[in-house]
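Reviewing the structure listed below.
The values are calculated or read from the model by the stated rules, or taken from the named source; none is laboratory data. These numbers were taken from a predicted model, which means no experiment stands behind them. Neighbour counts are summed over all protein chains in view; Cβ atoms, including those assigned to glycine, are modelled from backbone coordinates with ideal geometry. Note: accessible area is taken over every heavy atom of the protein model, side chains too, but ligands, DNA and RNA are not part of it. Shrake-Rupley method; radii C 1.70, N 1.55, O 1.52, S 1.80 Å.
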Amino acid sequence: MQTLYTLLEQVSSVVTLKALEDLRLQALGKKGILTQEFAQLKNLSGQEKAQKAQELNHFKEAFTRAHAERKQILQDCELETRLKAEKIDPTLAYTQSSASLGHPLSYTKDRIITYFTQLGFKLHLGALVEEEFYNFDALNMPAYHPARAMQDTFYFKDHKLLRTHTSPTQIHAMQTQKPPIKMIGVGPTFRRDYDTTHTPMFSQVEGLVVDLEHRVHFGHLKQVLEDFLHHLFGDVHVRWRSSFFPFTEPSAEVDISCVFCAQEGCKVCKHTGWLEILGAGCVHPNVFKHAGLKGVSGYAFGLGIERLTMLTCAINDLRSLFETDLRLLEAF
Ligand code: FA5
């Protein structure tokens, strides 16, 4: 018992958490003195055994309490020392950091918005939670339509969902404005997607132009988009491929020559020399019907801002745009 009480006395004088832990192990550890003393109890009998057990329990209680108090004191001291050491020194010399253009995504989004608003397109943001009707039905995708499966959707109850594209902004614009309409719908969209060129949340820009019949046609769409792509990418080749979207007829997808390999063939363009960049077409008559418009014609287009950012800023994994890695920002 003498050794045990010596250990207890030492508790109040140790000055580091490490030394305190050593003491605890010596006293209460698996191979500690108290454990050994308890093991010896079996050699005693009757009154002597009961008395020794009581003494050991008293010691255990006293040691545990003293240990907890000392630990708190030592932890407080350690924290105070650390806070003093980490204190910000406002007198330190200022190191000039280079000016930033902001996050590559915001930078690209702002460029696109500026370009189209200067051409007279009105900016719409729309709602992220949409009625199934605006996201699908009104865009000529009724419930049984197989095209709904092209976009893996996050659904809520009551026919609501996270919009899978910005195309619902077309319908809202047509329901609330009289032609001529010239708008862009911009903002986040959501799909159950995840790989180097797909993320569950991404942003799109939707374009819509509607005017009296025959005043708007595919030729206008082609001119507007080719001018835009040359503005963004400079001297690239643009390729139009016929495609399918339920809400446009005719429909097309637009590719640009690969900005990474100058069409030599690389991983990003999957050795085709071309990169798909957007979808577009003339507004389908059924869409006008759902929006309540008659005697009009129009065109629409939709593009992914992340995909454009990857190409304009030479980023080869789309997911890195959403990781908070300062090195990415510093590169801009
Ligand atoms: C659409 O979403 C159509 N609403 C576009 C459209 C509008 C066509 C108007 C015609 C007229 P699509 O599913 O292809 O089409 O997506 C358009 C763009 O969004 C793609 O080219 C791509 O750049 C981007 N995109 C699609 N899914 C993802 C994703 N998971 N992550 C990042 N970008 C994506």
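Output the number of residues of the stretch 33-80 satisfying the condition of being open to solvent by 90 Å² or more (accessible area, probe 1.4 Å) and over 19 Å from LEU23 (Cα atoms). Total meeting the criteria: 8.
Note on the stretch 191-214: among residues that are at pLDDT below 95 and in contact with a strand residue (DSSP E or B) (Cβ under 7 Å, 6 or more places away or on another chain), the one that is least open to solvent (accessible area, probe 1.4 Å) is PHE202. The set of residues in the stretch 129-151 being in a loop (DSSP other than H, G, I, E, B) and either open to solvent by less than 70 Å² (accessible area, probe 1.4 Å) or touching a His at 6+ places or on another chain (Cβ under 8 Å) (or both) consists of PHE136, ASN140, MET141, PRO142, HIS145, GLN151. So, LEU278, is that one at pLDDT 95 or above and either within 13 Å of the ligand (Cβ to nearest atom) or β-branched (Val, Ile, Thr) (or both) or not? So LEU278 fits the description; yes.
Checked against the criterion of being at pLDDT 95 or above and crowded, with 17+ Cβ neighbours inside 10 Å, the candidates THR309, THR248 yield just one match: THR248.
Screening the stretch 158-183 for residues that are within 16 Å of the ligand (Cβ to nearest atom) and either without any contact (Cβ under 8 Å) to a residue 40 or more places away in the chain or touching a Pro at 6+ places or on another chain (Cβ under 6 Å) (or both) and picking the one that is most open to solvent (accessible area, probe 1.4 Å) gives LEU162.
For GLU78, the conditions (1) over 45 Å from the mean Cα position of the chain (by Cα); (2) touching a residue at least 60 places away in the same chain (Cβ under 8 Å) all hold with the exception of (1).
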